[in-house]
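Reviewing the structure listed below.
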Amino acid sequence: MPTEEIRVSGTVQGVGFRPTVYRLAKACDLRGDVCNDGQGVLIRVSGSEEAITEFVARLQTEYPPLARINQLTRIIYENELKFDDFVISPSVSNAIKTEITSDAATCRQCQQEIFDPFSRFYRYPFTNCTHCGPRLSIIRAIPYDRCNTSMSAFAMCPECAKEYHDVENRRFHAQPVACHACGPTAWLERADGKPVTASMFSMLDDVDAVCTLLQKGEIVAIKGLGGIHLACDSTQETAVQKLRQRKRRYHKPFALMARDIEIIEQYCTINAKEKELLTSPATPIVLLQVKRRKGDRENLFTPNSLDIASSVAPGQNTLGFMLAYTPLHHLILRRMNRPILLTSGNIADEPQCIDNDEAREKLGTIADYFLFHNREIINRVDDSVVKVVGDKVQIIRRARGYAPSAISLPPGFHNLPQILAMGSELKNTFCLLREGEAILCQHLGDLENAAAFNAYQETLNLYLNLFEHQPEVIAIDKHPEYLSSKLGKELTDINQITTYSIQHHHAHIAACMAENGIPLDSPPVLGIALDGLGYGDDGTLWGGEFLLADYRKFKRLATFKPVAMVGGEQAIYQPWRNTYTQLISANLWDDCQQQYADLEIVKLLNKKPLKLLNQLIEKGINSPPASSVGRLFDAVAAAIGICPDECSYEGQAAIAMEAIVDVNSLNNDKETPIYPFSFSFSDSIYCIDPRSMWQALLNDLQQQIPQPVIAAKFHKGLANAIVEMVKHLCQENLIYQVALTGGVFQNCILLEQVSKGLQILGIKALIHSLVPANDGGLSLGQAVIAAAQLIDEC
């Protein structure tokens, strides 16, 4: 009888793939075996040709819900192999080419078991099966077997072992399987070190007690799947403010967790795509539009006694919601009929705590109580953040549920040596490129924080060992002071391998091209990269770029007029600085003193040390010119009275301005004229100049036009300027595809307005959906550019 070897690669380990193979092989009357190895799943089958064909066809349609087949190859053996039956064989260790599965939210069956008094998993907070539970967060090495995870510390009891070895059971070879008798345990501690007594609460167990504590207004640190969170009742303003002060996170929005969709629907509108995301195995935080209530002047959240505290997301018209995604969370929220606030367990910008002792030390002055468990977290994994723009998913932060799933690269990027891309300074990820796929790590944060940089190095070492990745090339950002770039250079020196320095905005565009499947040898696209800043090829700071780009090279065709960032990094957190330098650059400051002296922004600026600032600008001291559209947003926001003095996080003013945009003005072209921008051409490059926009904006302020209308006019005017520049450049360069990238394009209004304008022109817009448009996707672009340049050199 014919015998075949079938190799399956992709996300095929730890997801119940081998039991599915076993079931299908038995159904097709085949003999042979199946095993895990470093390349994925290896199947050998013997039977009739028709039976093998049926088996392969069914395997590609009936694979488990968490599995993903990237490639299936078949080899026919010349000599028949003798098998008595079909069996699942032990895993084999060899060269690692398989994928590691993301952590997955609790499946429906496990949810039912933890609330079933007759189930042995009743109220067990670590219940899981092959369809759900921890993966990346507990793994130390491949193959994904229990001995290579933090579950190796827990020996299975006879009942769990029985289910683990029962091929008909959904826990067959579920590596983290455990129960009350043999698995991890959770317990409650007081932050002040005093004992917790049962008499303090009416509770079933320590997990149930957390619900009571939250309802009483306490802050509880909860050790979850990929890290420790801080939680409180989101409807209690006092508790939320207490958490903000203790955590030193004064304005940035907090995420919310709810027991079910019905609770979320009390506060937000949810479309079909958003509901799909909320209930998916990834269970990310989804940014949802707040419901508008009667009497609301704007579409901003207006709290009442039964509502979410106003300090949860100040100045926002969206709330970030996720559903409970572990049995622990489901049990805590069983009696909670309102959302809880759930945010990373850390201080300010430090990495999320993952260790019990670390949490006691760092979070002891923030939390009132701790809910700990004794399952070690190997990989720190934050919650992912996504939103729906139009009908497309846009990832803001790629972490739990998405990382480290591989991204298949376009044609032309196969048969390459291994490459490591180090990523950016902010919102960092790194990328491993191998054999036609890119593996981005989970979101690691801002490396300027020493603890975050240490965590970055630890995670990088873990990934390099986990995937047995030995890069022959390392790609870094051109910015000479990025810590990721400095580390990349150190690694190339130590290992005597090649370094490629990649321009920041070229990397943004290449990442967008790669995830949209643009082949290596395709004609150039027009890339529009709008962000805070990136190091330009001319040594200045860029941030509003129109680049004619392919994977190998780029040409700068247009930019926004560079304006001084007086005070350097201070300009990011003090928006008035940007307003002042924009007005100076537009030659409008004298007009402001004479014609607009009564405006609040002019009064504010006159209180600042303008003489000193002018000297810094004139002498070029700590006032680098930057074409940053991110800083232009900050300048406009400050001018209309949004966060003019101080921001506690980058982009706060711009995000708040987006939230107040008047939708009616946005959609009414006749009654709401757009703000004009002018174009110029110098030194072989076009420039977008906002001077005329500023003149019109100042006039509107003088006429006391409402903030939301001015915000709408700015968004529309900026989008129109971008589309007009695209129209001209595409005609001049015969381009039909435009990549929209950079953190500014996370602004839904700008993205939609520009996309709509391009559609009218018949130009295809490439946008992000697999990796963030911000610097979280930068490492993918670095990797593919390095690969393209390496191919040219070979």
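Structure values in brief
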{"item": "Relative contact order of the range 1-131, pairs being alpha-carbon contacts under 8 Å that are 6 or more residues apart, as %", "result": "36"}
{"item": "Rg and Dmax of the range 664-794, Cα atoms only, in Å", "result": "17.7, 64"}
{"item": "Computed label-point distance, nm, for sites Thr365 and Arg58 using a 7 Å Cα→Cβ extension", "result": "6.3"}
{"item": "Calculated FRET efficiency for the pair Leu761/Val92, C-beta based, R₀ 60 Å, to 0.05", "result": "0.65"}
{"item": "Net charge contributed by nearby residues that have their C-beta within less than 9 Å of Thr235 (K/R +1, D/E -1)", "result": "-2"}
{"item": "Set of the range 361-383 residues, backbone N closer than 11 Å to the point 7 Å along the Cα-Cβ line of Arg246", "result": "363-370"}
{"item": "DSSP beta bridge pairing in the chain, given as percent antiparallel to the nearest 5", "result": "70"}
{"item": "Fraction of accessible area attributable to carbon and sulfur, the range 574-703 (%, probe 1.4 Å)", "result": "47"}
{"item": "With Cα atoms, 0 to 90° folded angle of helix 17-27 axis to the chain main axis", "result": "50"}
{"item": "GluC sites (Glu not before Pro) within the range 146-188, DSSP loop, no more than 12 other Cβ atoms inside 10 Å", "result": "Glu168"}
{"item": "Backbone HN-Hα couplings from phi across the range 394-403 [Karplus 6.51/-1.76/1.60, Hz, Gly and Pro as x]", "result": "10, 8, 8, 9, 9, 8, 3, x, 10, 7"}
{"item": "Two-site label geometry, Asn668 and Lys607: point separation in nm, points 7 Å out along Cα→Cβ", "result": "3.4"}
{"item": "The range 338-483 - percent of accessible surface contributed by carbon and sulfur, probe 1.4 Å", "result": "43"}
{"item": "Residue among Phe121, Gly762, Leu697 farthest towards the positive dipole end of the chain, charges placed on Cβ", "result": "Leu697"}
{"item": "Ala161 versus Ser48: modelled label distance in nm, points set 7 Å from Cα along the beta carbon direction", "result": "4.1"}
{"item": "Whole-percent carbon and sulfur share, accessible surface of the range 497-562, 1.4 Å", "result": "54"}
{"item": "CD proxy at 222 nm, helix term only [per DSSP H run n ≥ 4: -39500 (n - 2.57); per residue of the chain; nearest 500]", "result": "-9500 deg cm²/dmol"}
{"item": "Structure-derived log10 I(q)/I(0) by the Debye sum over Cα atoms at q = 0.05, 0.07, 0.10 Å⁻¹: which label, when the choices are [x] -0.24, -0.48, -1.04; [y] -0.41, -0.73, -1.13; [z] -0.28, -0.55, -1.10", "result": "[z]"}
{"item": "Probe 1.4 Å, protein heavy atoms only - accessible area per residue of the chain in square angstrom", "result": "39"}
{"item": "In the range 181-253, the trypsin sites (Lys or Arg not before Pro) that fall in loop regions by DSSP, at most 13 other Cβ within 10 Å", "result": "Lys216, Arg248"}
{"item": "Degrees, to the nearest 10: 707-733 long Cα axis against longest axis of the chain", "result": "80"}
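The values are calculated or read from the model by the stated rules, or taken from the named source; none is laboratory data. Just so it is clear, the structure is predicted and the values come from calculations on it, not from any experiment. Positions of Cβ are backbone-derived with ideal geometry, glycine not excepted, and every protein chain shown enters the neighbour counts. Only protein heavy atoms, including side chains, enter the accessible area calculation; ligands, DNA and RNA are left aside. Shrake-Rupley method; radii C 1.70, N 1.55, O 1.52, S 1.80 Å.
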